[in-house]
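Beneath this line is the structure, given in structure tokens, with notes to follow.
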Amino acid sequence: MENLNTGDIAWMLTATALVLVMTPALAFFYGGMVRKKNVISTLNLSIIVMCLLSVQWLLFGFTLAFGSDGNSFIGGLMYLGLDGVGAAPNAEYAATIPFLLFAAYQMMFAIITPALITGSFVERVRFGAFLIFALLWATFVYDPVAHWVWAVGGFLRNMGALDFAGGAVVHITAGFSALAFALVIRARRGFGKAPMEPHNIPYTILGAGLLWMGWFGFNAGSALGANAIAVNALVTTNTAAAACGLVWMFLSWRDGKPSVLGIVTGAVVGLVAITPAAGYVTPLAAIFIGALAAPISYYAIRFRQQRKLDESLDVWACHGMGGLWGAIATGLFATTAVNSAGANGLFYGNPQQLLIQAFAAGLTIAFAFSVTYLLAKGLQATMGLRVSQNAEEVGLDLSEHGERAYS
Amino acid sequence: MAKKIEVILREEKFQDVKDALRKIGIVGMNVTEVRGHGRQGGITLEGRAGTYQIDMLPRLQLNIILSDHNVERTIETICDAAQTGHPGDGIIFVFPVDDVIRIRTRERGARALQYKGDIDDMREHAGANGNGHGHGSAGQGV
């Protein structure tokens, strides 16, 4: 216990709160982009995950991800109900803060990841089916991948894959799961015929601003202490968001006018892209990582639109493709000059790291996509994924929740 | 008889139209927010990546009840104030009105349309100065 550091504890408590707020921020980011008859439903898809996953994580999620009595693919059950997770630090993860604080901090990541996926099936998903899906997805996709990448003994961690704050664990899993789910649930009624206009872009801008702030907890907190790595992560995070928002503005301007919805989308994509790299790359590299993330996600959205796929709020294009680029970019720009616990990337003479990053990303994509596809198909066959035609036309606020947003 | 004129106009032209109508003595009106489109179809808005079309555009609908002899001058005034020359400037419909009842006083017909300083009141004063057009009664001729 003498190793506990009050500075580290104070910062990690703060970072935990910052990451928690990202989920309601995401709710508003998404809520602004749907039609007004579905805004409460869309907000709730994120909010309810805070309730559901907090309980799942405490009961068995944490031990499946970080239980050290498991194998290299899944954690054991030694921390069931957070048994034995208390004030004493676990030096394998964070030697200067209570292990319980580490578990609480990681809980916030487990919460936001399923919430990210919800952008793919808003305005038509059956709420009951979503609850089951979120629980199963967290258990069969998030917890194993978190174990592979972050847990001591996880096989991707042993291989040397770098994922500072969850580029693969959070964003690649969420993005490609969103794609799989969208292919199963299919398009909203009227998609491609009637315009589906964002009903409150100010909500989306507000949500993006709060996400940007919360991301300091997400990335700088992943240093697990109040130290120089955390400072570097905060600066790279801010830089990538800024660079990506700027480039997105120019892309949008070139195609018409500089869309503000586009600018804030770009900022979020920059935050996604820097996530795996934040504690391993220099602030200058973060400019490149953010700037190049913009065309990747921008043209991924255009591609998705051309294919007439209703992956409604572009979770795949923003989080899947942004996260994939981030994982690759980590293999290019990582340097032990920033973080001696990391590795050098291709540009620092280590091409091997790029291959490891690509392998880890590819495997995560294949796993998340296929398990999600099967989960969605199974739920579709048993309880049905979609509300009725009438319920969809009336809007999910009234038909699923008996409420309306604006009276 | 009286007429109701229904004017669909650009939101940004409303203040100009209102000012112009006030200047000729049209003091009563009501306004509703409407959505729709005419022959121009719709407009293009910026999305996250690329653009999209919307076809139900916001406009204001102005409702005014007038005596027959004031309709033409009012229409001219509105057109002058509301026109930009681009598609989407709007449209005016004219309907017959059977009767008008002012709830406070239960006045009906012409009397219910009269206000101090209204278009006919202004004309009468102008007429007293020798510029009248011959509609010089205080009534609005319902």
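This table checks each residue for (1) surrounded by fewer than 24 Cβ atoms within 10 Å (Cβ to Cβ); (2) over 21 Å from A:Ala161 (Cα atoms); (3) among the polar types (S, T, N, Q); (4) out of contact with any helix residue (DSSP H, G or I) (no Cβ under 7 Å at 6 or more places or on another chain).
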| position | (1), (2), (3), (4) |
| --- | --- |
| A:Thr237 | no, no, yes, no |
| A:Ile263 | yes, yes, no, no |
| A:Val269 | no, yes, no, no |
| A:Tyr280 | no, no, no, no |
| A:Ile287 | yes, yes, no, no |
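Tell me, which residue of the range A:291-316 that is of a type outside the set (Lys, Arg), over 17 Å from A:Met249 (Cα atoms) and within 11 Å of chain B (Cβ to nearest Cβ) is surrounded by the fewest Cβ atoms within 10 Å (Cβ to Cβ)? Break it down stepwise before answering.
Pass one, the range A:291-316, residues of a type outside the set (Lys, Arg): A:291-301, A:303, A:305-306, A:309-316.
Remaining after also requiring over 17 Å from A:Met249 (Cα atoms): A:303, A:305-306, A:309-316.
Next, only the ones that are within 11 Å of chain B (Cβ to nearest Cβ) stay: A:303, A:305-306, A:313-314.
On the way: A:Phe303: 14, A:Gln305: 19, A:Gln306: 9, A:Leu313: 25, A:Asp314: 24.
Among those residues, the one meeting the criterion is A:Gln306.
Go through the range A:6-36 and give me each residue that's in a loop (DSSP other than H, G, I, E, B) and in contact with a helix residue (DSSP H, G or I) (Cβ under 6 Å, 6 or more places away or on another chain).
Once the filter is applied, which keeps residues that are in a loop (DSSP other than H, G, I, E, B) and in contact with a helix residue (DSSP H, G or I) (Cβ under 6 Å, 6 or more places away or on another chain), the range A:6-36 yields A:Gly32, A:Met33, A:Val34.
The conditions are (1) within 11 Å of chain A (Cβ to nearest Cβ); (2) crowded, with 18+ Cβ neighbours inside 10 Å; (3) part of a strand (DSSP E or B), and B:Leu62 fails exactly one of them. Which is it?
Failed condition: (1).
With respect to A:Leu43, is the statement that it is closer than 17 Å to A:Val315 by Cα and touching a helix residue (DSSP H, G or I) at 6+ places or on another chain (Cβ under 6 Å) true? So that I can check it myself, show each step before the final result.
Working: closer than 17 Å to A:Val315 by Cα: yes; touching a helix residue (DSSP H, G or I) at 6+ places or on another chain (Cβ under 6 Å): yes.
The answer is yes for A:Leu43.
Would you please name the residue that is nearest to A:Met159 (Cα to Cα), looking only at residues in the range A:61-92 that are of a type in the set (Phe, Trp, Tyr) and assigned to a loop (DSSP other than H, G, I, E, B)?
Among them, the one singled out is A:Phe73.
Where residues in the range B:29-39 are part of a strand (DSSP E or B) and charged (D, E, K, R), which of them is farthest from the other protein chains (Cβ to nearest Cβ)?
The extreme case among them is B:Glu33.
Using beta carbons and a limit of 8 Å, which pairs, at least six apart or on different chains, have the first residue in the range B:40-53 and free of Cβ contacts under 8 Å to residues at least 60 places away in the same chain and facing chain A (nearest Cβ under 7 Å) and the second one in a strand (DSSP E or B) and surrounded by fewer than 14 Cβ atoms within 10 Å (Cβ to Cβ)?
Final answer for the pair search is B:Thr51/B:Thr44; B:Tyr52/B:Thr44; B:Gln53/B:Ile43; B:Gln53/B:Thr44.
Tell me which residues, restricted to the range A:240-249, are touching a residue at least 24 places away in the same chain (Cβ under 8 Å) and either over 14 Å from A:Tyr280 (Cβ atoms) or within 14 Å of another protein chain (Cβ to nearest Cβ) (or both).
A:Ala241, A:Ala242, A:Ala243, A:Cys244, A:Gly245, A:Leu246, A:Val247, A:Trp248
Go through A:Trp137, A:Trp148, A:Trp212 for me and flag whichever is in contact with a Phe, Trp or Tyr (Cβ under 8 Å, 6 or more places away or on another chain) and either crowded, with 20+ Cβ neighbours inside 10 Å or not polar (S, T, N, Q) (or both). Quick ask: steps written out before the conclusion?
Values: A:Trp137 fails: in contact with a Phe, Trp or Tyr (Cβ under 8 Å, 6 or more places away or on another chain); A:Trp212 fails: in contact with a Phe, Trp or Tyr (Cβ under 8 Å, 6 or more places away or on another chain).
None of the others qualify; the one that does is A:Trp148.
FYI, it's all coordinate maths here, none of it is from the lab. Just so it is clear, the structure is predicted and the values come from calculations on it, not from any experiment. Neighbour counts run over all protein chains shown; Cβ positions are idealised from the backbone, glycine included.
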